[in-house]
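Undergrad: Sharing a structure, written as structure tokens. Questions coming.
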Amino acid sequence: MASEAAPIFDTDELVLNMGPQHPSTHGVLRVVLRLDGERVVDADVVIGYIHRGIEKLSENRDWTQIILLTDRMDYVAAATNNLGYCETVEKLMEVEVPRRARYLRTILAELQRIASHCLWLGTHAMDIGAMTVFLYAFRERELILDLFEDYCGARLTYNSMRIGGLPLDIPAGWDTKARAFCDVMEVKISEYEELLTNNRIWLQRTREIGVISAADAIGLGLCGPPLRGSGVFRDVRKDEPYAAYDEFEFDVPLGTKGDTYDRYLIRLEEFRQSIRIIRQALDGLPEGPIMGKVPRLIKPKAGETYHAIESPKGELGYFIVSDGRSTNPYRFRVRPPSFCNLQGLRPLVIGHLVADVVALIGTIDVVIGEVDR
Amino acid sequence: MIETVVIPLLKIAVLLNAILVSVTFMTLLERKVIAWAQSRLGPMRVGPYGVLQAIADPIKLILKEDITPARCDRMMFTLAPILSLVPALVVFSVVPFGGDALFYITDINVGLLFVISVTSIGVYGIILAGWASNSKYPLLAGLRASAQLISYEIAVTMTLVSVILTAGTLSMVGIVESQQEAGLWYGFVQPVAFVLVLIGGLAETNRAPFDMPEAEQELTGGFHTEYSGMRFALFFLAEYANMIVISAVVTVLFWGGWLRPFPSVDALVFLDFIPGWTWFFAKMFVFLYLFIWIRATLPRYRYDQLMRIGWKVLIPIAIVNIVVTGIVKVVL
């Protein structure tokens, strides 16, 4: 045809503002979608709605006070945030942490991983419409919160670690309760799997959705399950062991296709591996002190350090500079896994439908508190 | 006069009240059943075991402020909820709850056709609501609803043709009576058709796993995002009334309506002391329960996947079913 006929219908793209108040953007994430019908042409991820300036705030707090600020970053995995910070400062001060404390830290971190993954599984399944899994997963998360409450009194923001060790030893009988939880959890994982893993609708909604190749995943700086879902072996627990991870046996599940289903399978396998680690740690829990030799006034010598741990969401790193004179860090910077993984959202959603957008926000597992800090 | 006006009007009044009351209790049933599936208790505060929740909810909705968004199409905005509730209620005029003329309002000779036509009007309510809200999420929901309508209505209607072929009548009473003559519920004669109608019924009522037009997690409530108060309640009533309609239609077409189990087995004749409408409601309840059960269990389809199922799976099966039914009918 020589000339293109004028379109009969209005063919403008629809700009849809998803969030910051939307049931599936997990907090206050805002995604501005450009839609052709229901197909996403472009997406703009807007963050910053709960930026509290934790990094800057930390530069004006003394070293111990910062621990409770780290609680507020990834608030569904506060213990791993505590762990990452405390280990960074210990590295800076060259403090030796007693073995018992390192074991207990490992147990707490792995319990926290299960709790965080429970929350992820529940909300992810809910986003795809399977609402029963949500309540099942929260039921088990509750047991972990109970364990944490027994340990430190808090259920969400634990403030559960100190520089050089732990503030408290576990109460009597706590290890038996933790072991009982492992037994319960093992059964419940298969309950989740029964509802989802071989469900036709679940397969159709997650397979081939949000495929990301290994090269792209590395290029985007993804970490944690989204990176391993694409088949890249990177787990800080194995590569640069911290706490007591070098003493335990566990596997790192890897995906092959890099789609949403692979990432789902990986996290489910991580449940099992976490239980395995907790059991080993409880079996071999050494006696001894829980606090290392730390000066009363914490004041690391001048220098800088970076230390990363494997949080449930991925690689959580702290970069801290101390000037050696004041009782607060000169520079405090966090490498939050959620923030880095959120980079992957735009390339993931382009070309998919609106219904997939919520599934993809779910699959990268972001906590906005950690993205914005 | 009494025969033609008063008695039908009385029947209509009783039926409407019965439906609307049962709809409010359906919401309670749904919340309870889903709660049990999810190891919760569900509503427990209002009355013993929360049974009065079904009354507290409508009162709350009536008392709430009814917001009309600025710059919406006011007339359509009000019309939409009415348009989705009324057809659902109208369908009951041809549903026979029992064999006696007392138990149905009317028996027209094109009963099934009437059911199909009236139920498909209901979706206009959703499309109009999406359009009139002047908001993007409801608009997307309206688009989804129309796509969904085209995909499943054709399949369901074609499937019903095979039932009509088997029964040789379009009258709802006639279909049950022909099941009595055949001594067999059509669920056993036409199992494929039954499954197709059930799937189509789920889609028709916007129930999980086909609840795309109201997908809360994607479209923040879909077509009723902008609705509140009683107008929202009307949509709610419509959804549950539609569930009851589909259960009733499936019961009539495939599970022998008011007939007792195994109507041809004389050994079970003692079961006749149970009135027919009890059987009817018991069967209907099974399907209502099934709908809720499915909602508690399954994730949601994407709307392109629903269309694929509709066009590539349901319609071909429905056509083959018609052909097979026709051949069997001619040969036998």
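Undergrad: Here is a list: B:Val250, B:Val320. Which entry is part of a helix (DSSP H, G or I), away from chain A (no Cβ under 14 Å) and out of contact with any helix residue (DSSP H, G or I) (no Cβ under 7 Å at 6 or more places or on another chain)?
TA: Details: B:Val250 fails: out of contact with any helix residue (DSSP H, G or I) (no Cβ under 7 Å at 6 or more places or on another chain).
Residue meeting the stated conditions: B:Val320.
Undergrad: Mind checking which residues of the range B:82-118 are at pLDDT below 85 and in contact with a Pro (Cβ under 8 Å, 6 or more places away or on another chain)?
TA: B:Gly98, B:Phe103, B:Tyr104, B:Ile105, B:Thr106, B:Asp107 - these are the residues of the range B:82-118 that are at pLDDT below 85 and in contact with a Pro (Cβ under 8 Å, 6 or more places away or on another chain).
Undergrad: Given the conditions (1) modelled with pLDDT of 90 or more; (2) closer than 20 Å to A:Ile54 by Cα; (3) surrounded by 15 or more Cβ atoms within 10 Å (Cβ to Cβ), which single one is not true for A:Gly314?
TA: Going through the list (1) modelled with pLDDT of 90 or more; (2) closer than 20 Å to A:Ile54 by Cα; (3) surrounded by 15 or more Cβ atoms within 10 Å (Cβ to Cβ), A:Gly314 breaks only (1).
Undergrad: Now, a different point. So, B:Phe262, is that one over 27 Å from B:Ala35 (Cβ atoms), surrounded by fewer than 19 Cβ atoms within 10 Å (Cβ to Cβ), at pLDDT below 85 and under 26 Å from the mean Cα position of the chain (by Cα) or not? Please lay out each step first, then the result.
TA: Numbers: over 27 Å from B:Ala35 (Cβ atoms): yes; surrounded by fewer than 19 Cβ atoms within 10 Å (Cβ to Cβ): yes; at pLDDT below 85: yes; under 26 Å from the mean Cα position of the chain (by Cα): yes.
So B:Phe262 fits the description; yes.
Undergrad: Find the residue count for the range A:24-37, including only residues that are within 12 Å of chain B (Cβ to nearest Cβ), buried (at least 16 other Cβ atoms within 10 Å of the Cβ) and in a loop (DSSP other than H, G, I, E, B).
TA: The qualifying residues number 3.
Undergrad: Further question on the same structure: Within the range A:300-336, which residues are assigned to a loop (DSSP other than H, G, I, E, B) and either touching a residue at least 60 places away in the same chain (Cβ under 8 Å) or within 30 Å of A:Val232 (Cβ to Cβ) (or both)? Reasoning before the result, please.
TA: At the first step, the residues of the range A:300-336 found to be assigned to a loop (DSSP other than H, G, I, E, B) are A:300-302, A:312-313, A:323-330, A:336.
Within the range A:300-336, A:Pro300, A:Lys301, A:Pro312, A:Lys313, A:Thr327, A:Asn328, A:Pro329, A:Tyr330, A:Pro336 qualify.
Undergrad: Of the residues A:Arg34, A:Arg30, only one is free of Cβ contacts under 8 Å to residues at least 40 places away in the same chain and in contact with a Pro (Cβ under 7 Å, 6 or more places away or on another chain); which?
TA: Result: A:Arg30 is the single residue among A:Arg34, A:Arg30 that is free of Cβ contacts under 8 Å to residues at least 40 places away in the same chain and in contact with a Pro (Cβ under 7 Å, 6 or more places away or on another chain).
Undergrad: How many residues are within 13 Å of chain B (Cβ to nearest Cβ), among the aromatic types (Phe, Trp, Tyr) and surrounded by 19 or more Cβ atoms within 10 Å (Cβ to Cβ) if we restrict to the range A:120-138?
TA: Let us first name the residues in the range A:120-138 that are within 13 Å of chain B (Cβ to nearest Cβ), namely A:121-138.
Now narrow it down to the ones that are among the aromatic types (Phe, Trp, Tyr): A:134, A:136, A:138.
Cutting the leftovers down to surrounded by 19 or more Cβ atoms within 10 Å (Cβ to Cβ) gives us A:134, A:136.
Count: 2.
Undergrad: While we're on this one: Just wondering, is there one or more residues in the range A:324-342 that are farther than 24 Å from A:Arg52 by Cα and away from every other protein chain (no Cβ under 14 Å)? It would help to see each step written out before you state the result.
TA: Step one: of the range A:324-342, the residues farther than 24 Å from A:Arg52 by Cα are A:324-325.
Remaining after also requiring away from every other protein chain (no Cβ under 14 Å): A:324-325.
Within the range A:324-342, one or more residues are farther than 24 Å from A:Arg52 by Cα and away from every other protein chain (no Cβ under 14 Å).
Undergrad: Next up: Those residues that are within 14 Å of chain A (Cβ to nearest Cβ) and at pLDDT 85 or above, I need them from the range B:40-54; list them, please. Reasoning before the result, please.
TA: Pass one, the range B:40-54, residues within 14 Å of chain A (Cβ to nearest Cβ): B:40-42.
Selection gives B:Arg40, B:Leu41.
Undergrad: Within the range A:198-212, restricting attention to residues that are β-branched (Val, Ile, Thr) and away from every other protein chain (no Cβ under 12 Å), which residue is surrounded by the fewest Cβ atoms within 10 Å (Cβ to Cβ)?
TA: Let us first name the residues in the range A:198-212 that are β-branched (Val, Ile, Thr), namely A:201, A:206, A:209, A:211-212.
Cutting the leftovers down to away from every other protein chain (no Cβ under 12 Å) gives us A:211-212.
Details: A:Val211: 15, A:Ile212: 25.
Result: A:Val211.
Undergrad: Now a separate question. If only one of A:Arg141, A:Arg228 is without any contact (Cβ under 8 Å) to a residue 40 or more places away in the chain, within 14 Å of chain B (Cβ to nearest Cβ), crowded, with 17+ Cβ neighbours inside 10 Å and among the basic types (Lys, Arg), which one is it?
TA: Values: A:Arg228 fails: within 14 Å of chain B (Cβ to nearest Cβ).
None of the other options fit; the residue is A:Arg141.
Undergrad: Among the numbered criteria (1) among the hydrophobic types (A, V, I, L, M, F, W, C); (2) within 14 Å of chain A (Cβ to nearest Cβ); (3) within 19 Å of the chain's Cα centre (by Cα), which one does B:Leu143 miss?
TA: (3)
Undergrad: Could you list all residues from the range B:119-136 that are of a type outside the set (A, V, I, L, M, F, W, C) and either in a helix (DSSP H, G or I) or modelled with pLDDT of 85 or more (or both)? Steps first, please.
TA: First pass over the range B:119-136, keeping only residues of a type outside the set (A, V, I, L, M, F, W, C): B:119-120, B:122, B:124-125, B:130, B:133-136.
Residues satisfying the conditions are B:Thr119, B:Ser120, B:Gly122, B:Tyr124, B:Gly125, B:Gly130, B:Lys136.
The values are calculated or read from the model by the stated rules, or taken from the named source; none is laboratory data. Predicted model, so just to flag it, every value in this text is computed and none were measured. Cβ: placed from backbone, ideal geometry, glycine included. Neighbour counts: every protein chain shown.
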